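Colleague: Structure incoming, see below.
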């Protein structure tokens, strides 16, 4: 289950729990409202902490992605330079052959 579904289920469960709690509450109205307020604050704190964790994870993934892209760029650049050098060497070898030679490349 992904995080967005888990969060949706959390809020559905929270709503059902509040409704059942209101129906069967043994406390007075003021006590029940206080309890609801404290639970709402707890859920807000949970969502805030979870969103901060997810933001930090996303930042880590972005940083790792940048590192991978940088390494791939370096490898591609090195491969391109090696290919250019091999091409230059092959051209130089062809240029150094005697005219009219039947040598193969």
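Each value in this text was obtained by applying a stated rule to the coordinates, not by laboratory testing. Note that the structure is a prediction, hence the values are computed from the model and not measured.
Colleague: Taking the chain as a Gaussian network, Cα atoms linked when under 10 Å apart, which of 74, 89, 31 shows the biggest mean-square fluctuation?
Modeller: 89
Colleague: For the chain, take the longest principal axis of its alpha carbons; what is the angle in degrees between that and the long axis of helix 29-95, to the nearest 10 within 0 to 90?
Modeller: 0 degrees
Colleague: Next question. Hey, what number do you get for the chain at 222 nm if only DSSP H runs of n ≥ 4 count, each worth -39500 (n - 2.57), divided across all residues, to the nearest 500?
Modeller: Working: 2 runs with 88 residues, N = 105.
About -31000 deg cm²/dmol.
Colleague: Separate question: Going by alpha carbons, how many degrees (0 to 90, nearest 10) lie between the helix axis of 3-23 and the longest principal axis of the chain?
Modeller: Roughly 0 degrees between the two axes.
Colleague: Could you pull the Rg and Dmax for the range 36-83, using just the Cα atoms, both in Å?
Modeller: Here Rg and the maximum Cα pair distance are 20.8, 69 Å.
Colleague: Per residue, what volume in Å³ does the convex hull of the Cα atoms of the chain enclose? Before the final figure, lay out the partial values.
Modeller: Details: hull volume 10.6 nm³, N = 105.
Residue-normalised Cα hull volume stands at 101 Å³.
Colleague: Follow-up question, since we're still on this one. For the chain, set up a Gaussian network in which alpha carbons nearer than 10 Å are linked by springs, and say which option among 95, 15, 29 fluctuates the most.
Modeller: For the chain, modelled as a Gaussian network with Cα springs under 10 Å, the answer is 95.
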